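Taken together, the values in this text are just the output of simple stated rules run on the coordinates, not laboratory data. Predicted, not measured: the structure shown is a model, and the values here were computed from it. When we count neighbours, we look across all protein chains shown, and the Cβ atoms used for this are built from the backbone with ideal geometry, even at glycine.
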Amino acid sequence: MSELQTDTRVSIMNQMPEADVTARSALHFSQAATQPVFGPGQAQVFLWEDALRGQLVIRGDASNTDFAKGISSALDLALPGQLASSVSDAMALLWIAPDEWLLLCDLEQAFAIETRLRDALTGHYAVINVSGGQTQIRLAGSAAARVLQKSMPYAVSDTHFPVGKVATTALSKTQATVRRIDSTDWELTVRRSFADYAWRWLTDASREYGLHLGQPEHDET
Amino acid sequence: MRQTNRLADGGRIDRSKPLTFSFNGRQYTGYEGDTLSSALIANGVSVIGRSFKYGRPRGIVAAGADEPNAIVQLGATEATQVPNVRATQQPLFDGLVSQPTSGWPSLKFDLLGFSGQLFGRALPPGFYYKTFMFPQAAWKFYEKHIRKAAGLGRSPTEPDVDEYDHLNQHTDVLVVGAGPAGLSAALTAARSGAQVILADEQADMGGSLLSSRSRINGVEASQWAADTLQELAGMDNVLLLPNATVNGYHDHNFLTIHERRTDHLGDRAPEHQTRQRMHRVRADWVVLATGAHERPLVYANNDLPGCMLASAVSTYIRRYAVIPGHSLVAMTTNDAGYQAAFDWQDAGRKVVALVDTRQAPTGDCVEEARRRGIRLLTGHAVIEAKGSTRVSAARVAPLSEDGQHLTGPAEKLACDTIASSGGWSPAVHLSCHTGGRPVWNDDVIGFVPGDTLQRQSIAGAIAGTFDLAGCLEQGAQQGAEAARQAGYEAKPASLPTVEEPDTGNAMALFCIPHERRISRAPKQFVDFQNDVTAAAIELATREGFESIEHVKRYTALGFGTDQGKLGNINGMAIAAKSMNKTIAETGTTIFRPNYTPVTFGAIAGRHCDALFDPERHTAMHDWHVRHGALFENVGQWKRPWYYPKPGETMQQSLDRECLATRNGVGILDASTLGKIDIQGKDAREFIGRVYTNAWAKLAVGKCRYGLMCGEDGMVFDDGVTSCLGENHFLMTTTTGGAAHVLEWLELYHQTEWPELEVYMNTVTDHWATMTIAGPDSRKLLAELTDDIDLDKDSFKFMDWRQGTVAGVPARVFRISFTGELSYEINVPAHYGLHVWEALFEKGERHNLTPYGTETMHILRAEKGFIIAGQDTDGSMHPYDLGLDWAVKEDKPYSFIGKRGMKREDCLRQDRKQLVGLKTKDPSIVLPEGAQAVDDPKQPVPMTMLGHVTSSYYSANLGRSIAMGVIRGGHQRSGDTVYYPLSDGRVVEAEITSTLFLDPKGERQNV
C-alpha cells in the first residue's frame, strides 16, 4: 500500500503486488506455445527466458564524478563505460548510451535499490522502473553465436564481442540489448511488446542447430 | 538413352553415380559432378531454346555464368518452380526436371521461327519504343506475349516450400573467386592469421585450374588446387563458400553472397536445411579475383547450335568428359584458343582446322599445333556458319592484316562445331557496383577496373593478367596486402613453379568481315539473349544514338538476364567502329547488382509469413485471443478491434459494445498508447515548449490534455500528460505516434534546449493500461480498491491517484476519451492480466463489456474528440480543429508551432475546418473520404469543400454521425452540403457542432 507523494519532487512507487497476485512474464504464453526441436543431448542452442527480473533505467552524466560515485556507493558496482558492463552476484549494470544504464536485479529488490540510488544521487539524474517493460532472453550453446549472426548485423566474434560487452542493436526487425555473459552464453534484453516476435525469430533461427528450450544441463543448480 | 558424347575416361564426374533427369519432357542420364548443360551435351542435345526476336534455334555456348542461351525452367512440382536458371551453373541431381524457357510454343515447331523474317522486320532496334508503345492500352497485350516469347520463364503459382535465410558475416579479408589468383590470395592472407572468406560461384573451387593443361610444382594444376583447398579447409580462420556467388558489392565493403546450399541435392531442400542463404558480409579488405570471360567472335550465323566459346569446349572435355560434337573448326585471335583444338584432338575426335586471324603467329601453341599435324590456317577467319538447326560447315576466308576485310575467296569446311576465341574480357562487374568505371586497356584488349573508393584490390585475370604464373604471383601479392591492411603481418609467399606455354601477342578483333556489308550479310549476333546483331548496332549509331548508354538502351544490348557478359564488349567495339572512334573514346556501360539473378526467397530470407513484420502484443493479448477478439493493426500493435459474439454482425457487436459502455461499464485495453516518463527540474518548462497549451500551473495529482504541433503549426499528436511530482510527468501519446514523439522530444532537447535538465524514457511497455468507462465504472473500481478515495469530490475528473487495484500497485487516472465517467488503471505489465481478470470477476454483475478500437472510435466521435492522424492530416492547426482553447498564446517562452500557425495562409477564414455532419437521412453512414460540394448539379470538375474524416453509426443516438472538414466550416453551422458518391447517390448533410452527445460534458463529471 502506498500513498500519493505530493511532497516529493518525483513519484516513486513500490511496484511489488500482494502475495497472491499471479505475475506473467513477457514470454509466459510464447514459451508455452513453442516446441523444442531436439533433446538437450543433441541441441546446440539453448533458449530460455530469464523472467521477471528487476530492471531500472538510470540516467545521468558519466563525467559528473558525484554521479559515478553515487552509483558505486549505492550498488557496490563501478559505473561501466561505453559498451561495457559491471556484474556482481545480485546485479548487473549495463551501459546503454552515453547518459543511460540498465540495472538488472531481483524484482523484489527493485524498489529498495531505487530508493538507495535516489538517496545516493544528487543533481540531475533519473531512475525509472521498467521491470515490466522488457525481458531477458537467454541464448546459450555452441551454435548460439550462429543464431545471433542470423539475427543481427553486429559482429559477435570473440575479438569484437568479448565476454562482458554490451551492445544495443537491431535484432531482426526489433531491437535488443545484447550482453555476452560467457563464451557461449548470451543475454538479450527485448521490449515486452516485441518479445513474442523476438522469441519466434530466435526459435526459428535455432532449429537447424537443434533447439532445447531451457538451460543447458550443466547449468542446473 | 546412351550418352553418345560422353568420353570413356577423364573428367571430374563420378561414373559410379549415374543420375536420371529430364529436359523438355524427355528422360536422360548423366553423372554426379555434371552440370545440367554438360549432361545435355553428353546426351547430344543441341537445341536448348529459341531466340527472342527471330525464333532461331539456340544451343549451349558457354560453360559458366556468361551462358546466354541455356536458360531453363527448373522444378519437378509447381511449388518448386525456378525460372531463368543457367543450365551451365546448375549441378545435376537425380530426378531433376527442366524445361526450356524460350521456344514457345515448342522447340521443334516454333511460331516465331515460322513467321521468321516477317516478325523480325517488325522488331527493329528500338522496337520497344517504335512498335509497342502506341496505342498505350495495347502494351499490356504486347507485354504478355513478349515475355512469353522472350523466354523469361514463369513464376510458380504455389508458395515456395523451401526456406531461405540470411547470415551476417564479418571478416578481415574476403576473396571473391577461387581460381588461381583467388586461391593464391586466400592462402597468403590466411597464413598470416587473418580471418578469410573465400567465395566461389561453382561447386568445385579452382576455376580455370580445373580445365588447365598447365602444371604447378610438377603436378597437374587441378591437383595443386585440391592441395591448396585442403590446406585452407584445415585452417580455423578460413571459411570456404562454394556454390556461393558474390552478387552485390555495396558501399563500405558490404557485400552480399548468394549461397545455394541444397540446389545440387534435389528439387527440395532436406528437412532443417535452408535451400539458399544470403551472406551479408562486411569485410575489412576485399580481393576481387573474379577472372575473365572469353569473348566469342562475331561472324555470320554465329548463333547456330554448335557455335561455342573455345574455353567452354575445353571445360566440357576436361572437367565433364563430354565433347560437344564430332568435327571442330576452331577460330582464335590469341593463343588461348588453341587449347580447344588440342583437347578435342586428345579426346579422339576430328579437328578440321585451326583458324588463326593473325598473319604469322608464333609460340609454343603454334608449334604444338604444327607438331600435332592440325591444319593451321593463319591470317584466316570463319566468316559464316552454315546449317539449319546445327552447324554443318564453316566458311573460312583469308583476312587482311588489320582484320577489316577479306583478301580472297571463302572455302567451305564441313564440321559440326565451331569454337571461337576473341580474347578475354576481365569480369569487372563487382568493381562497378560501387561506382567504379572500367577503363580500356589496349594491352589487355579489354576494360579493367578503374579507381575505387573501397578498401579493395584486384588480382589475376580481372586485372588483365592472363598467364597462370602471373595470376599466382599477383594473388599472393594482393593476399599479403589484404592481410597487412587488416592489421596482420604477412610473410612473402614462396611462389610455385609453373609450366605453361609461352604466349604471343593477341589480335584485337571483334567482328569478322563478310563478303557482304554488315547490313546485308547473314545475321551476325552480338547479344544472343536479346537477339542484337552487329547490323542493329550499326543502325542505332546511324540513327544518331552516339552515347554507348543510348546504344545499349535502343538496341537492348546487355539487357538480358546475362547482363551482356558475352556480347557487351563486342557490341561496344562495333559501335565504336561504326562511329570511327576508339573503344576507349566510346567507353562502356557499367554493371549493377546482381551479378547473376538471385531468387526472391534468398532476398526475403526468413522475413516472411509470421516473421514478416513484428507483431506487438499487450500483456492482455492472450485474453483477447481467447475471447474471440478480431484485431486491428495499429502501427505494429495488434489491438482488439471488436469482440463479436456468435451470430453477431460487426454493426451488432459495435451497437452492443457502445450501449453497454454508455449505460453500464465497458473496458478497453489501452496499453498501446505511448507513455513517456519525464523527470528533471526543467520537465515542466520543457513540456510547456512542446505543447501548445499552458503547463505552468498544473498541480501534482492533476492531468491535462495537450496538443503537439510541428514547426509549421500543424497538429501531429495529442494526449494527456499528468503531473506525477513537481519534477516528474507522465506524457501519453497516440499509439502510432509514440516512437516519433519520443524522437521529437529528444531532437529538441539535444539540439535546441540542451540546457534544460530533463530525461525522457519510454515506459509504454512497462505499464499495462485498462480503461473502464461508463456510469458504473466507479462502482466496479470500488470493489477492487480500498486505498483510493473514489468520492467524486475528492477524486475529480482530470485527477490521478496512486493506490492498489486488485492487490497490485497502480496509478489510476480519471480521464476520459468517451465522455463517460472513466478510469484508466495503470499497473506494471506483469500483473496486467491479473488485474484485467479481476475486473471481469467483479464486473460480471455490472455486465462489464470489453470493447475494441472501433467502439472507442464511435464513442469518442459522439463527443467530437479528434484522433490525430484520422481527423488531422498534417495540414490542420489547432484552430482548424476548433481547439482554440488548447492554445496558450501568451506563455513566457514560445512553443513549437506558434509562429507557424500565424502564417498568412493559416489565418485565412476559408480554411478547411473540422465540423460535425448529420445526414438528412439518419440511416445513411457517409463514407470516410467523401467530398462535400455546395451544388450537386455543378458539372465535373466540381468545387470541393472538404472531406469526411470520421463517420459511424451511433447506437446511442440512433443515427449516423460524422466529422469532416469544410471550407470556412466554423461559420457555416446549419448549412446543407452534398456528398456525391461514386455509386451515383448524392447524400445531403447538415453542418453541425462536433458535440453530438452530452454537449455540456456532464456525464464525465458525475
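At-a-glance table
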| read-out | value |
| --- | --- |
| Part-to-part distance (alpha-carbon centres) for the range A:151-221 and the range B:233-272, which is given in Å | 23 Å |
| Interchain or long-range residues, amide H under 5 Å from B:G897's placed H | B:G713 |
| Amide H contacts of B:T35 (H built 1.01 Å from N, under 5 Å, at least 5 apart or other chain) | B:L92 |
| Rg/Rg_ref, the range B:493-651, where Rg_ref = 2.2 N^0.38 Å and atoms are Cα | 2.00 |
| Of B:N217, B:G234, B:Q276, farthest towards positive along the dipole that unit charges on Lys, Arg, Asp, Glu beta carbons give the range B:197-279 | B:Q276 |
| GNM flexibility winner over chain A from A:T184, A:T34, A:T115 (Cα, springs under 10 Å) | A:T34 |
| Residue-wise HN-Hα coupling along the range B:38-47, computed from phi with Karplus coefficients 6.51, -1.76, 1.60 (Hz; x: Gly, Pro) | 5, 5, 5, 4, 4, 8, x, 7, 9, 8 |
| Inter-chain shielding of B:672-679 (mean C-beta neighbours from other protein chains, 10 Å cut-off) | 2 |
| FRET efficiency, A:A170 to B:V986 (Cβ-Cβ, R0 60 Å, nearest 0.05) | 0.70 |
| Fewest-first ranking of B:H607, B:H834, using other Cβ atoms within 10 Å as the exposure measure | B:H607, B:H834 |
| Other-chain or far-sequence residues with amide H under 5 Å of B:V532's (modelled H) | B:V526, B:D527 |
| DSSP bridge pairs, chain B: antiparallel proportion in percent, nearest 5 | 75 percent |
| The protein assembly as shown shape via C-alpha gyration tensor axes, a/c threshold 1.5 | prolate |
| Average beta carbon contacts from partner chains per residue of A:12-25, 10 Å cutoff | 6 |
| Span from the the range B:924-955 Cα centroid across to the the range B:424-474 one, whole angstrom | 65 Å |
| Calculated from backbone phi, Karplus (6.51, -1.76, 1.60) coupling profile of the range A:106-113 in Hz, x at Gly/Pro | 5, 4, 5, 8, 4, 5, 4, 5 |
| Backbone HN-Hα couplings from phi across the range B:833-839 [Karplus 6.51/-1.76/1.60, Hz, Gly and Pro as x] | 5, 4, 5, 4, 5, 5, 4 |
| Nearest-0.05 FRET efficiency for B:E632 and B:D14, computed from C-beta distance (R0 56 Å) | 0.45 |
| Modelled FRET efficiency - R0 41 Å, B:R455 with B:Y893, Cβ distances, 0.05 increments | 0.25 |
| Under 16 Å from the Cα of B:K491 - aspartates and glutamates, other chains or at least 8 residues apart | B:E473, B:E481 |
| Stokes-Einstein translational diffusion, chain B - Kirkwood Rh over all Cα pairs, 0.692 mPa s, 37 °C, in µm²/s | 97 µm²/s |
| Between the range B:349-405 and the range B:159-222, the alpha-carbon center distance in angstrom | 36 Å |
| Separation of the B:T943 and B:H272 label points, Cα + 7 Å toward Cβ, nm | 7.4 nm |
| Candidate lysines - alpha carbon under 17 Å from B:K779, same-chain residues fewer than 8 apart omitted | B:K792, B:K796, B:K842 |
